[in-house]
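Novice: Mind looking over this structure? Questions follow.
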Amino acid sequence: MNIGVLALQGAVAEHIRMLEKAGARAIPVKRAEEIPALDGLVIPGGESTTIGRLMKKYGIDEEVREFSAQGKPIFGTCAGLIVLAKRIAGQDETYLGLMDITVERNAFGRQRESFETDLPVAGVADRFRAVFIRAPYIREVGENVEVLSKFQDRIVAARQGHLLATAFHPELTDDERVHAYFLQMVNESA
Amino acid sequence: MVEVGTTRVKRGMAEMQKGGVIMDVTNAEQAKIAEAAGAVAVMALERVPADIRAAGGVARMADPRVIEEVMNAVSIPVMAKCRIGHYVEAKILEALGVDYIDESEVLTPADDRFHINKHEFTVPFVCGARDLGEALRRIGEGASMIRTKGEAGTGNIVEAVRHMRTMQAQIRKVQNMSPDELMAEAKALGAPYELLKYVHEHGRLPVVNFAAGGVATPADAALMMYLGADGVFVGSGIFKSENPEKYARAIVEATAHYDDYERLAHLMKGLGGAMKGIDIASLGEDQRLQERGW
């Protein structure tokens with residue numbers, strides 16, 4: 001199983017470490033032509049404006065949409081969630097526009113309001129350490145989207161078929177259960 | 001229980017900036033140019049370092065109005081500088097809601113012996129360092145991110161290269177030491193023992209390490225990434241160049257694709273003039289900002 005972590009910008013090494021811990025082979029990918037050979041793709045945390053712009057610049061967005069059209073799993077954390085979304089509150093520009101969700105950026109405030117807490121994540125864990133850094137949340141979901149976790153009534157993790165997204169950063173913990181859940185999605189899609 | 005300002009949240013914020021470019025800006029218009037170019041954060045200042053250097057006198061934290069103007073203009077994180085050891089300037093920046101504080105040698109130090117105890121802040125700090133000992137002292141005081149000092153406002157990359165090479169060589173040396181050599185090495189470097197032990201075990205700093213101080217071109221940014229930087233700060237290099245928008249975009253792309261030389265060649269075409277640089281040898285000891293910090 002070959003998992004790629006989109007390595008244009010952001011916390012790439014952390015995802016690779018977690019995917020390996022969960023038993024996969026993981027590599028950083030920067031070029032469009034590297035994507036078709038992958039079985040699954042992770043879009044890491046970082047700045048969504050930076051990652052989004054660099055994806056478009058070199059046609060990586062088109063390649064990832066094609067990847068998704070084949071039903072191959074994609075997992076986005078934080079900025080990755082924003083990049084996956086069909087709608088971003090307060091802006092017209094979207095990036096991949098794959099997941100039927102509306103996201104609100106920087107929804108919990110600035111860095112001094114960033115926090116960590118324990119949350120239940122459906123299908124993953126009754127208690128998972130969730131690290132939120134200038135995090136977004138999901139304001140609305142389409143009918144085919146399953147809500148996996150909420151914090152104070154706000155949706156912070158969701159799945160739509162082969163697409164998985166969390167507003168928090170499982171890659172900043174030592175708990176690989178969310179990554180293991182994603183690898184199971186990859187196994188089932190193969 | 002909800003916890004704010006934890007080490008993980010503060011260091012994690014810097015992890016999210018990796019592979020990115022943080023740009024100095026002095027107003028809303030520049031901040032928007034930086035954001036549109038793909039900067040991962042902006043540093044809100046009254047003057048870029050080249051102008052601080054030219055102005056002379058005492059350089060202090062920026063007018064809060066400038067910082068708020070920048071914060072209102074962009075959705076990406078906003079950083080701001082306080083003077084070394086100036087606890088109250090840092091508290092004011094935290095109260096303003098800036099996302100990261102740079103306790104910076106570019107401003108005139110407020111304390112000639114001590115840095116700020118950064119552990120007691122909710123907002124994370126970045127600090128400059130020239131070598132491993134200095135980096136680990138700053139981390140020991142609570143810094144969540146390290147950057148090379150380089151020589152700010154010169155457009156000359158040589159000092160940032162020296163600082164990054166020095167640090168990487170020291171890290172390799174510590175990694176290969178026998179555990180019984182670590183305490184003496186901690187003494188020699190002036191570094192906290194526990195942090196040196198971390199470096200020995202992991203072969204890297206416990207926080208992100210960016211390049212700063214003299215980056216003027218896309219090739220400079222790529223060089224620092226090649227030397228092992230996690231990302232790049234660009235101070236005067238963008239808004240002192242002939243074409244800031246082009247420079248900003250090209251430096252972002254060069255940082256992401258630092259080892260793709262064909263792409264770099266394409267990026268460097270027709271950029272227009274870079275900022276005018278300064279030969280470090282022409283600077284007197286008192287003009288070398290990197291000597292500030294203890």
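Novice: What number of residues within segment A:95-134 satisfy the criterion of being of a type in the set (D, E, K, R), in a strand (DSSP E or B) and within 14 Å of another protein chain (Cβ to nearest Cβ)?
Specialist: Looking only at that region, the number is 5.
Novice: Considering only segment B:1-11, I want to know if a residue exists there that is under 29 Å from B:GLU245 (Cβ atoms), among the basic types (Lys, Arg) and within 17 Å of the chain's Cα centre (by Cα).
Specialist: no
Novice: Looking at B:ALA216, B:ALA191, can you tell me which residue is modelled with pLDDT of 95 or more, in contact with a Ser or Thr (Cβ under 8 Å, 6 or more places away or on another chain) and not in a helix (DSSP H, G or I)?
Specialist: When all the criteria are applied, what remains is B:ALA216.
Novice: Which one of these is within 20 Å of A:ASP39 (Cα to Cα) and surrounded by 24 or more Cβ atoms within 10 Å (Cβ to Cβ): A:GLU176, A:GLU171?
Specialist: The conditions single out A:GLU171.
Novice: Looking at A:GLY76, is it part of a loop (DSSP other than H, G, I, E, B), modelled with pLDDT of 95 or more and under 22 Å from A:SER189 (Cα atoms)?
Specialist: no
Novice: Can you tell me which residue among B:ARG147, B:ARG113 is out of contact with any helix residue (DSSP H, G or I) (no Cβ under 8 Å at 6 or more places or on another chain), surrounded by fewer than 20 Cβ atoms within 10 Å (Cβ to Cβ), touching a residue at least 12 places away in the same chain (Cβ under 8 Å) and under 21 Å from B:ALA59 (Cβ atoms)?
Specialist: One residue alone meets the criteria, B:ARG113.
Novice: If B:ILE92 satisfies every condition in (1) outside any loop (DSSP other than H, G, I, E, B); (2) more than 12 Å from the chain's Cα centre (by Cα); (3) touching a residue at least 60 places away in the same chain (Cβ under 8 Å); (4) within 14 Å of chain A (Cβ to nearest Cβ) but one, which is the exception?
Specialist: (3)
Novice: Continuing with the same structure: Every residue in segment A:38-60 that is within 7 Å of another protein chain (Cβ to nearest Cβ), in contact (Cβ under 8 Å) with a residue 40 or more places away in the chain and of a type outside the set (Gly, Ala, Ser), please.
Specialist: A:THR50, A:LEU54
Novice: So, one more: Filter segment A:30-52 for residues that are over 17 Å from the mean Cα position of the chain (by Cα) and in a helix (DSSP H, G or I) and give the result.
Specialist: A:ALA32, A:GLU33, A:GLU34
Novice: Is it the case that segment B:101-114 has a residue that's within 18 Å of the chain's Cα centre (by Cα) and part of a helix (DSSP H, G or I)?
Specialist: no
Novice: I need the full set of residues from segment B:115-130 which are among the β-branched types (Val, Ile, Thr) and assigned to a loop (DSSP other than H, G, I, E, B), in order please.
Specialist: B:ILE116, B:THR122, B:VAL123
Novice: So is A:ASP92 surrounded by fewer than 24 Cβ atoms within 10 Å (Cβ to Cβ), within 14 Å of another protein chain (Cβ to nearest Cβ) and under 16 Å from B:VAL9 (Cα atoms) or not?
Specialist: no
Novice: If you don't mind, there's one more thing I want to ask. Just one of B:VAL234, B:VAL208, B:VAL252 is among the β-branched types (Val, Ile, Thr) and away from every other protein chain (no Cβ under 13 Å); which is it?
Specialist: None of the other options fit; the residue is B:VAL234.
Novice: Before we move on, is A:PHE151 farther than 28 Å from A:GLY59 by Cα, buried (at least 16 other Cβ atoms within 10 Å of the Cβ), at pLDDT 95 or above and aromatic (Phe, Trp, Tyr)?
Specialist: yes
Novice: A further question on this structure: Condition first: under 16 Å from the mean Cα position of the chain (by Cα) and of a type in the set (S, T, N, Q). Now tell me which residues in segment A:64-117 satisfy that.
Specialist: Across segment A:64-117, the qualifying residues are A:SER68, A:THR77, A:THR94, A:THR102, A:ASN106.
Novice: Of all residues being surrounded by fewer than 22 Cβ atoms within 10 Å (Cβ to Cβ) and of a type outside the set (Asp, Glu) in segment A:8-23, which is nearest to the other protein chains (Cβ to nearest Cβ)? Just the residue, please.
Specialist: The qualifying residue nearest to the other protein chains (Cβ to nearest Cβ) is A:ALA13.
Novice: Counting only residues that are in contact with a helix residue (DSSP H, G or I) (Cβ under 7 Å, 6 or more places away or on another chain) and of a type outside the set (S, T, N, Q), which one in segment B:238-249 is nearest to the other protein chains (Cβ to nearest Cβ)?
Specialist: B:ARG249
Novice: For the structure I just gave you, tell me whether B:GLU103 is crowded, with 24+ Cβ neighbours inside 10 Å and either at negative phi or of a type in the set (Ser, Thr, Tyr) (or both).
Specialist: Judged against the criteria, B:GLU103 is a match.
Novice: OK, next. Restricting the search to segment B:63-89, which residues are buried (at least 23 other Cβ atoms within 10 Å of the Cβ) and either without any contact (Cβ under 8 Å) to a residue 12 or more places away in the chain or not β-branched (Val, Ile, Thr) (or both)?
Specialist: B:PRO77, B:MET79, B:ALA80, B:LYS81, B:CYS82, B:ARG83
The values are calculated or read from the model by the stated rules, or taken from the named source; none is laboratory data. In this text, all values refer to a predicted model and were calculated from it rather than measured experimentally. Neighbour counts are summed over all protein chains in view; Cβ atoms, including those assigned to glycine, are modelled from backbone coordinates with ideal geometry.
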